[in-house]
Amino acid sequence: MQMQDLVELATSEPPPLRQDADQILAAGRRVQRRRRVATGAAAAAVLGVIAAAVAVPALGRGGEETQLQMGAPENNQPVPATAEPFTFTFGGYKVGKLRVAQPVDVSTAYQLASVYADGLTTADKAADPDTPARGGDRLYAYLTVYRAGAYDPSKLTGTQPVTVGGRPGLEAGGPYLGWATRRTLAWQYNTDAWAVIQASSDDAAYPSAKDLRDLAAGLRGQTPVPAKAPVKLGYVPAGYRLQEASMHAMTGLNGIAAARDGDYAGLLFSNPALPTAGLTAPFGGEDGADPKGSFVVYVVPAANSNQQPSPGVTCGNGFCNRWVGGVNIQVSSGGRLTDTEMTKVLDGATLADVKNERTWTPVPA
């Protein structure tokens, strides 16, 4: 099935959005688990369509979010734009009813964090604890903070200029794939460095353009904190370099789409290196595709895999698994690596205590 067919299937003659979102969310979880046993371009494309249409929960890394009230004295610490790669340079915070979660993904070009809204009703929680709703409304939103020179704002179309915290920005929006509205706000948070909030909602009035500008103005920097991984690799195929890492999630927008699934980590390697300039979206684009020339190492709990634990290394269609206790370490390459190469990666992997971040390895190291 082609991507256009999937989009039409997800958006043609929909039932009321509330029921449709529930069905898509459930399907998204099934695809998320299936991706680990049938990886490759087709599975990633399916997940991308679902990720673009479901409500996305937020996941923190254990830190507390900062509550910001508009009009309060500003903390003028800017987000560092040229810190060491694979370090988190901002934390979670809240402005009004919108909350930016702690970032969970960092790459050679950007960081990713979920955005969600307060106001979840008791009935909504009982129906689906993972749904970040505002009353009965649905919201899919995330923040991408790009490194200096990585984002190209000239490629954002249908924009109008705005100002965010005294710095230039661009807004775009309108109905999108069955959502009442989709808003994009890009702004320059530091010299030659841009951040982007993308929000799709079934309420055309919320979040408003002003809501997103207020949220953007609340972005503040922190002392860079290195990302950590619970797995240390003793072997990586020649020519491949680490491009993206995630904590307590899978990499990229796939990780944002399943931020509360309880995954431990993801490491994305690529040969050649992925671009660090001219970007308009995270690696793999909005549909969550596997970047060309890449492979990913996933570290997930057994409950999140539909593979059965087995001794040694077992390989399937473009992936290989190794089980350590109740943890599944998988190398997924979509056929770009041989089973022999993927087995060597797994044989050389050392797993730390997945429940204790103090035992994890700093990714920049």
- Criterion violated by Met250 - all others in (1) assigned to a strand (DSSP E or B); (2) buried (at least 24 other Cβ atoms within 10 Å of the Cβ); (3) not basic (Lys, Arg) satisfied: (1)
- Output the residues belonging to the stretch 169-194 that are within 18 Å of Gly221 (Cα to Cα) and either crowded, with 19+ Cβ neighbours inside 10 Å or not β-branched (Val, Ile, Thr) (or both). Ala186, Trp187, Gln188, Tyr189, Asn190, Asp192, Ala193, Trp194
- Would you point out which residue out of Asp211, Asp263 is acidic (Asp, Glu) and touching a Pro at 6+ places or on another chain (Cβ under 8 Å)? Asp263
- Item | Residue list for the stretch 324-360, filter: open to solvent by less than 20 Å² (accessible area, probe 1.4 Å), in contact with a Leu (Cβ under 7 Å, 6 or more places away or on another chain) and in a loop (DSSP other than H, G, I, E, B) | none
- Just one of the numbered conditions (1) surrounded by fewer than 19 Cβ atoms within 10 Å (Cβ to Cβ); (2) among the hydroxyl-bearing types (Ser, Thr, Tyr); (3) touching a Phe, Trp or Tyr at 6+ places or on another chain (Cβ under 6 Å) is not true of Thr314; which one? (3)
- From the list Arg220, Arg241, which one is touching a residue at least 40 places away in the same chain (Cβ under 8 Å) and of a type outside the set (A, V, I, L, M)? Arg220
- Item | Residue list for the stretch 278-294, restricted to those being under 20 Å from Trp187 (Cβ atoms), open to solvent by less than 60 Å² (accessible area, probe 1.4 Å) and in a loop (DSSP other than H, G, I, E, B) | Gly278, Ala281, Pro282
- Here the residues within the stretch 195-229 that are of a type in the set (A, V, I, L, M), more than 25 Å from Gly266 (Cα to Cα) and open to solvent by 50 Å² or more (accessible area, probe 1.4 Å) are Ala204, Ala205
- Can you name every residue in the stretch 306-332 that is touching a residue at least 40 places away in the same chain (Cβ under 8 Å) and farther than 26 Å from Tyr240 by Cα? Asn306, Gln307
- Note on the structure: Within the stretch 253-267, residues being within 18 Å of Glu357 (Cβ to Cβ) and either at pLDDT 95 or above or open to solvent by less than 10 Å² (accessible area, probe 1.4 Å) (or both) number 7
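The values are calculated or read from the model by the stated rules, or taken from the named source; none is laboratory data. Owing to the predicted nature of the structure, the values given are computational and were not obtained by experimental measurement. Methodologically, a virtual Cβ is constructed for each residue, glycine included, from the backbone with ideal geometry; neighbour enumeration extends over all protein chains shown. Quick note on the areas: whole protein, heavy atoms, side chains included, nothing else; ligands and nucleic acids left out. Shrake-Rupley method; radii C 1.70, N 1.55, O 1.52, S 1.80 Å.
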